[in-house]
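What follows is a set of notes on a single structure, which appears directly below.
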Amino acid sequence: MNMSFGLREENRALLQRVADMIRDEIMPLEEEYQAEIDKGDRWQYTQRQAEILEGLKAKAKAAGLWNFWLTDSDKGFGLSTVEYAYFAEEMGKTPLGAEVFNCSAPDTGNMEVFERYGSDKMKEQWLKPLLNGEIRSAYLMTEPDVASSDATNVSMSCVRDGDDYVLNGEKWWSSGAGDPRCKVYIVMVKTAGDEQPKHKRQSMIVVPADAPGIEILRPMQVYGHDDAPHGHMHIRFTNVRVPADSILLGEGRGFEIAQGRLGPGRIHHCMRAIGQAESALEQMCKRAMQREAFGKKLAQLGANYDIIAECRMEIEMARLLCLKAAWYMDQGDARAAAPWISQIKVVAPRVALKVIDEAVQMFGGQGVSQDTPLATAWTHVRTLRLADGPDAVHRRQVARAELKKHTQEKV
C-alpha cells in the first residue's frame, strides 16, 4: 500500500504564507485581543477586538488564504486531508488562527453539512454567509440528562405539527453559541420512538439562533473559564417552532449526517492539538535556555534534556499517526478510516496535554498563571479528550476493530 504524507509542491509555498502570517501578524496581537475580553460585556466584542479579528480576516481573505478546510473541492484549494493537516497544525499554534482563515470549529463541520445535505434555501441563507466569514454557527448535540457519547440516547423532542416541527428540551456544551455573531444552530433531535430501529430515531434540524422559545441558561465553565465571547452554552428549547423544511435529508437521517460531519471535525481538532503541542515545546525550549537557577540554565538541570527529547519524539509520533488517519480519509472509505480517526483522537490530546504540562512545569508558577498562554491551552486540550467522543468510546472502537480480525463473532 503506497501512502504519501507529503505536500504537493504548489501547496508548500501556500503553507509557508500561512505560517508567516500566523507568526508575523496574528501572534503579535494575541495578548492584546485576550486583554479586551474582560472589558465591559464579556459576551460582546469590544471595538478593538472586532478591529483585530475582522482586520486579520480581511487580510487573509484578500490574500486568498481562506477556507482551506474545503478539501477535495473545486471551491477551495483542492487540498487533500493529508495536506490540510499541515495547515491546521499551523493554525493550532494560536487561538486566533483557525478563525482568521475561516477554518473554525464548529463552523467547518456545519458548512460541510449545509454543502452536502442542505437545500438550496439553506445554502443561500446560511452556507453563503458562513463561507464568507460573516456569521458563526453552533452544533447542538450533547444533552445534560443523558450519556450523549452514545448518541442513540439523544432525546430532545421534535414533533411534527402541521407545517412545522416543535422542539422541546435542553442542550449543553453548545460551543460557539455564546458568540453574538452565532446566527444558526444545527441540532440533533429525536423524531421517532421505539417503533424504529435505534439508529433511525434521531434527525438533524436547522434552527435560527433567534427563534422564539430559545433561552440561553448559562455558559458552561471549563476549569473555571467561560471561554467568552465564544462560549459553550447550556440552552433550553421551549415550544420552538421551525418550518418542516428545516429538517436535513428527512426524519431518521441524523446518524448518517453525524458520521459525515464528525469524522473530519475530529481529525481537524487533532491536527490543531499537534500545533498547540509544537507551540508549547517552543515556549519550553526558549524558557530552558533563557532562565537560570542554581547557577545553570534550566535546560541543564534535572531531567530537562530528557523531557524535551521525549516531547519532541511524542509529537513526531502523533503527527505521523494523524497523517495516516488523514490518508485513510482521503481514500474515501469512512469505515476503514474510522479506527484510525479514533486512534488519533485519543493520542493527539494526550500528547499535547503532556507537552503543555511539561512546559508549564518549566515556567514554574508563571506557567499556571495568566502570564503565559499555557494554562488556557491546557484547559482547551483537556476538553478535547471529551469533545467529539470521550477517550473510552474511541478506545472501544479501536479494540473492536482489532478483535474483529480474530473472530467472526460480533464484538
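Coordinate-derived values only; no laboratory data. Predicted model only: the values in this text are computed from it and were never measured. A quick note on method: Cβ atoms are made from the backbone with ideal geometry, for glycine too, and the neighbour counts reach across all protein chains shown.
Once you reduce region 105-157 and region 338-364 to the center of their Cα atoms, the two points are 27 Å from each other. If R0 is taken as 22 Å, the Cβ-Cβ distance between GLU51 and ASP371 corresponds to a FRET efficiency of 0.35. Using modelled amide H (1.01 Å from N, peptide plane; none on Pro or chain starts), what sits under 5 Å from the amide H of GLY78, excluding residues fewer than 5 places away? Under 5 Å from the amide H of GLY78 lie the amide H atoms of ASP72, SER73, each far enough along the sequence or on another chain.
Determine, from the Cβ-Cβ distance of ALA19 and LYS39 and an R0 of 51 Å, the FRET efficiency 1/(1 + (r/R0)^6), rounded to the nearest 0.05. So, using R0 = 51 Å, E works out to roughly 0.95. Between amide H atoms placed 1.01 Å from N, distances below 5 Å from THR142 occur with TRP172, all of them 5 or more places distant or on a separate chain. The Cα trace of region 162-265 gives Rg and Dmax of 14.5, 44 Å, the first to one decimal, the second as a whole number.
Its Cα gyration tensor gives region 253-411 an equivalent ellipsoid; the semi-axes, largest first and in whole Å, are 36, 16, 13.
Output the DSSP H helices from the chain with an along-axis C-alpha extent of no less than 24 Å and a mean Kyte-Doolittle hydropathy no less than -1.0.
Qualifying helices: 254-290, 304-330, 334-363.
When the P(r) of region 193-335 is calculated, the portion above 19 Å amounts to 74% of the C-alpha pairs. Taking label points 7 Å from Cα along the Cα-to-Cβ direction, GLN408 and HIS225 give a separation of 5.3 nm.
The modelled label-to-label distance between THR379 and GLU115, using points 7 Å beyond Cα along the C-beta direction, is 3.3 nm. Taking 0.36 nm per residue of separation and subtracting the current Cα-Cα distance, fully stretching the chain between ARG12 and ASP391 would add 133.1 nm.
May I ask you to compute the full-extension gain from ASP333 to ASN168, defined as 0.36 nm times their residue separation minus their alpha-carbon distance, rounded to one decimal in nm?
Numbers: separation 165, 0.36 × 165 = 59.40 nm, distance 3.61 nm.
Taking ASP333 through ASN168 to full extension adds about 55.8 nm, to one decimal.
Backbone N atoms of region 226-249 closer than 11 Å to the 7 Å Cα→Cβ label point of ASP161 belong to residues 238-242.
Taking Lys and Arg as +1 and Asp and Glu as -1, the other residues whose beta-carbon sits under 13 Å from that of GLU314 total -2.
Cα centroids of region 1-70 and region 208-256: 27 Å apart.
Modelled this way, with points 7 Å down the Cα-to-C-beta line, the labels at SER149 and GLN125 are 3.6 nm from one another. With q set to 0.18, 0.22, 0.25 Å⁻¹, the log10 of I(q)/I(0) for region 9-104, from the Debye formula over equal scatterers at the Cα positions, is -0.80, -1.08, -1.31. Taking other Cβ atoms within 10 Å as a rough exposure proxy, MET313, MET329 sort from fewest to most as MET313, MET329.
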